[in-house]
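The values are calculated or read from the model by the stated rules, or taken from the named source; none is laboratory data. These numbers come from a predicted model, not from an experiment. With ideal geometry, Cβ positions are generated from the backbone for all residues, glycine too; neighbour counts draw on all protein chains shown.
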Amino acid sequence: MKKTELDHRIFELLKKKLGGKVSESTIRPAITRIRRKNPSLTLNAAAEIFAKKYGESVQKFFNERDREAFGTIKIEKVNIKVSKQKRKVKPLKGDLIKMEKSDAKWDVFICHASEDKESIADPLYEALDKAGLKVWYDKSTLKLGDRLHKSIDIGIAKSGYGIVILSESFFKKDWPQRELEALAAKELEGQKVILPIWHNVNAAFVRSKSLLLSGLVAISTTEGIGNIVNKVLEVVKPNNGKSSESSVPTAILTLPKSKESTRSILEGTIRSLQAIDKPTITQTIKQMDFDVLKRTYLDVLDGVSFLKITGSSENENIFCFIREAIIERDRTEGAELFEMLFKWYFETTPYCRSEILKIFATLTTLRHLKDVAVKENRTSDLVAEFGRSDSYAIAGINAEILQNIKSSLSENDCKRIVDFSIANDQIHCSYSAKNYLIKLLPTCETRVDRGKLDQLYGLIG
């Protein structure tokens, strides 16, 4: 069983041990929320926290064979308890109650922040209404603490399209932005789309808040209410006022019918990175709040693993983001992101192995990042990675990394490096690996058996 299957395996086992009382659609978002609160958590640790949150004893999730196949698995014994207590549901506000009970259908619904009511939401609603559209518009508006997820869910369930006014006020609200992003990826019956409107914000600002939302083609309020209404009509009633579900412009994001909303969220984030140039990526990294950056960074890493991203040229921007996010932030933040990258890499072993190792080779030349690489037994992980080199190119990159951190290698690390180099012909036959080993081996002179050293020197010439 490959390590890349770890995600699916954990969710399947959790679901099985919970006796079907909690579905995968509940488990996955729950664990995702735990990781959002603390992005440095590994998938295993987040799953463990989730499992412990419930009751009823489960002796083991993994038998010996499973643990051997996965490598280091932190979850072995957890307590699981499924609460039988009924969940208390807060009563919905007036408009939501009416809407939830009604069978009425709307052409569009409008989601906005209360601060944008007078400047854009009210005029837009009136103009759309005059244009003959049926519009759900929460007259009381969404205020701090309102349940955005419930409001939008009901709105889009009853409407063909959803207009979301993205503004500084909208992003300042204490609403879970992930729920809005999940809306762009959830499965809905029929064809549903989001129509984003940017109000006094630009592309750089939206990107700094959410790469996924910035990837949706939008219209700005600077173009005027009339143009906005015309654009909405082109989508909602494209055939002279006759609604057509099949005529949705490609410029508007169609909500996918995939059963895995997680996949769609990750795909959206990856596509957003692929669509912008490298200077824009750097600017976005600098402008992002660090909490937003950590969440986005984790999304990108999960996307690379989940979507099996390779090192092809079309994915250059993805690796640029992974590298530059660490370099462009201050030392403390960069070190935290680098630690996240280490944990992710050694947990998943991605398909783009050489590209991530090149990033390690670049970053371990920086002193403050080298400290991250050598702490918490990371040198041992890097030496093991060196031993797994399965090509001349990979061997060369791994040897470069070890050369960068040679001052922190233990005696045992040195012995393993020499043993691996002798046993693995992908290492001792690699021209680039030889060059780095020649610089590295003097560090091992007094720590390794002289006979083995001479044997290795003979192999690398």
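Of note:
- Condition met for residue 305 (crowded, with 21+ Cβ neighbours inside 10 Å and either of a type in the set (Lys, Arg) or not assigned by TED's automatic domain parsing to the domain that holds residue 410 (or both)): no
- Single match in 407, 432, 391 (criterion: in the same structural domain as residue 361 (by TED's automatic domain parsing), surrounded by fewer than 17 Cβ atoms within 10 Å (Cβ to Cβ) and touching a Gly at 6+ places or on another chain (Cβ under 6 Å)): 432
- If the condition is being charged (D, E, K, R) and under 20 Å from the mean Cα position of the chain (by Cα), then the range 341-373 contributes 343, 347, 353, 355.
- Those residues of the range 309-331 which are of a type in the set (D, E, K, R) and not in a helix (DSSP H, G or I), in sequence order: 329, 330
- Residues located in the range 411-428, provided they are in contact with a helix residue (DSSP H, G or I) (Cβ under 7 Å, 6 or more places away or on another chain) and farther than 12 Å from residue 456 by Cβ: 413, 416, 426
- Number of positions in the range 403-442 that are within 20 Å of residue 362 (Cβ to Cβ) and β-branched (Val, Ile, Thr): 1
- Here 363, 402, 369 are screened, and the one residue that is crowded, with 17+ Cβ neighbours inside 10 Å, free of Cβ contacts under 8 Å to residues at least 40 places away in the same chain and under 17 Å from residue 342 (Cβ atoms) is 402.
- The condition (being part of a helix (DSSP H, G or I), among the acidic types (Asp, Glu) and more than 21 Å from residue 327 (Cβ to Cβ)) is satisfied by just one residue among 381, 371, 390: 381.
- Residues in the range 228-240 include none that are at pLDDT below 50, closer than 14 Å to residue 128 by Cβ and in the same structural domain as residue 198 (by TED's automatic domain parsing).
- Residues in the range 314-340 that are touching a Phe, Trp or Tyr at 6+ places or on another chain (Cβ under 8 Å) and either within 13 Å of residue 364 (Cβ to Cβ) or polar (S, T, N, Q) (or both): 326 only.
- Scanning the range 344-356 for residues that are modelled with pLDDT of 90 or more and more than 14 Å from residue 310 (Cβ to Cβ) turns up 344, 345.
- Residue within the range 327-339 that is within 20 Å of residue 209 (Cα to Cα), touching a residue at least 60 places away in the same chain (Cβ under 8 Å) and buried (at least 17 other Cβ atoms within 10 Å of the Cβ) present: yes
- Counting only residues that are hydrophobic (A, V, I, L, M, F, W, C) and within 13 Å of residue 272 (Cα to Cα), the range 307-319 holds 1 of them.
- Some residue of the range 412-421 being out of contact with any His (no Cβ under 8 Å at 6 or more places or on another chain), closer than 29 Å to residue 310 by Cβ, touching a residue at least 24 places away in the same chain (Cβ under 8 Å) and not small (Gly, Ala, Ser): yes
- Once the range 156-175 is narrowed to residues that are outside any strand (DSSP E or B) and of a type in the set (A, V, I, L, M, F, W, C), the residue that is modelled with the lowest pLDDT is 175.
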